[in-house]
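Working notes, structure below.
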Amino acid sequence: LDTSESAKALAESIGATFHNWNIDNVVKENTQIIEQAIGRPTSWEEDDIPLQNIQARSRSPLIWMLANIKKQILLTTSNRSEGDVGYATMDGDTSGSLAPIAGVDKEFILQWLKYAEKDLGYSGLKAVNRLSPTAELRPSEMAQSDEDDLMPYSILRAIEIQAIRNHQSPKQSFENLKMGFSIDENILKSYIKKFFRLWSINQWKRERLA
């Protein structure tokens, strides 16, 4: 509800058309078809990623249809940080013809949105900037958070700079970063390990991004 209301307020403030529809029935029908195929009910304990992805993918055909009817280009909002670690659903939130922020990291985007609200006068961003980044694909009682799923975006960006821009190994990345963050060294090591693993297994996603 908070996300919907903040999106509506932002759209109104910049003169954009706001659409809102419910996809619960579509998701339920798709899930039931697969449950029949696999011969068992799905659950969040066993099928977390598939149950998240079907929601993102169920939205995509509707958004594409709307864009086609209006003869408009569909933009995807995937950013560089999500691309780094594959934190995006192919044919879901990655759907689109152009990706205007594909090369921009999430930490910068969050900072820029606050700057745009306060210094550029985009008051419609006030509600947006109060929200914590979340995919909102798990049940609300599970309180999903992007940084809980991944790691703090500031650390993700720092690891990316070491690993990708500076071509540092996991060990070198750790040595270069361990003094820069006030967190347990074992936690930092786990973040670095996670980044390298996710970067490696998600190259196919980056090759498909708009």
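The values are calculated or read from the model by the stated rules, or taken from the named source; none is laboratory data. Just so we're clear, the structure is a prediction, and the values are computed from it rather than from any experiment. So basically every Cβ, Gly included, is an ideal-geometry build from the backbone, and we count neighbours across all protein chains shown. Side chains are part of the model used for accessible areas, which takes the heavy atoms of the whole protein and leaves out ligands, DNA and RNA. Shrake-Rupley method; radii C 1.70, N 1.55, O 1.52, S 1.80 Å.
Numbers for the structure displayed
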{"item": "Filter result (under 17 Å from THR77 (Cα atoms) and not charged (D, E, K, R)) within segment 18-57", "result": "PHE18, HIS19, ASN53, GLN55, ALA56"}
{"item": "Matching residues, segment 87-132, being over 18 Å from the mean Cα position of the chain (by Cα), part of a helix (DSSP H, G or I) and among the charged types (D, E, K, R)", "result": "LYS114, GLU117, LYS118, LYS126"}
{"item": "Subset tally (residues that are in a loop (DSSP other than H, G, I, E, B) and of a type in the set (Ser, Thr, Tyr)) for segment 180-210", "result": "1"}
{"item": "Pairs with Cβ under 7 Å, 6+ apart, first in segment 34-50 and charged (D, E, K, R), second at pLDDT 95 or above", "result": "GLU35/PRO41; GLU35/THR42"}
{"item": "Any hit, segment 67-78, residues being surrounded by 15 or more Cβ atoms within 10 Å (Cβ to Cβ) and over 26 Å from SER123 (Cα atoms)", "result": "yes"}
{"item": "Number of the exception - ASN176 against (1) under 29 Å from MET90 (Cβ atoms); (2) without any contact (Cβ under 8 Å) to a residue 40 or more places away in the chain", "result": "(1)"}
{"item": "Residue match in segment 81-88 (condition: open to solvent by less than 50 Å² (accessible area, probe 1.4 Å) and over 30 Å from ALA158 (Cβ atoms))", "result": "no"}
{"item": "The lone exception for MET151 - which of (1) assigned to a helix (DSSP H, G or I); (2) buried (at least 18 other Cβ atoms within 10 Å of the Cβ) it fails", "result": "(1)"}
{"item": "Those helices (runs of 4 or more DSSP H) lying entirely in segment 15-86 with at least 2 residues touching an Asp or Glu at 6+ places or on another chain (Cβ under 8 Å) and among the hydrophobic types (A, V, I, L, M, F, W, C)", "result": "none"}
{"item": "Near pairs, Cβ below 8 angstrom, 6+ apart or cross-chain, from segment 54-81 (within 26 Å of SER43 (Cβ to Cβ)) to any residue that is open to solvent by 70 Å² or more (accessible area, probe 1.4 Å) and of a type in the set (D, E, K, R)", "result": "ARG57/ASP91; SER60/ASP91"}
{"item": "Verdict on THR3 being open to solvent by less than 80 Å² (accessible area, probe 1.4 Å), part of a helix (DSSP H, G or I), of a type in the set (S, T, N, Q) and modelled with pLDDT of 95 or more", "result": "no"}
{"item": "Residue within segment 96-107 that is farther than 17 Å from ARG80 by Cβ, touching a Leu at 6+ places or on another chain (Cβ under 6 Å), polar (S, T, N, Q) and touching a residue at least 60 places away in the same chain (Cβ under 8 Å) present", "result": "yes"}
{"item": "Residue in segment 125-133 that is over 28 Å from ALA163 (Cα atoms), in contact with a helix residue (DSSP H, G or I) (Cβ under 6 Å, 6 or more places away or on another chain), in contact (Cβ under 8 Å) with a residue 12 or more places away in the chain and open to solvent by less than 30 Å² (accessible area, probe 1.4 Å) present", "result": "yes"}
{"item": "Any pair with Cβ under 7 angstrom, 6 or more apart, that starts in segment 187-199 at a residue that is open to solvent by less than 60 Å² (accessible area, probe 1.4 Å) and ends at one that is assigned to a helix (DSSP H, G or I) and small (Gly, Ala, Ser)", "result": "ILE192/SER173; PHE195/ALA163; PHE196/ALA163"}
{"item": "Every residue from segment 6-44 that is open to solvent by 80 Å² or more (accessible area, probe 1.4 Å), of a type in the set (S, T, N, Q) and under 25 Å from LYS126 (Cβ atoms)", "result": "THR17, ASN20"}
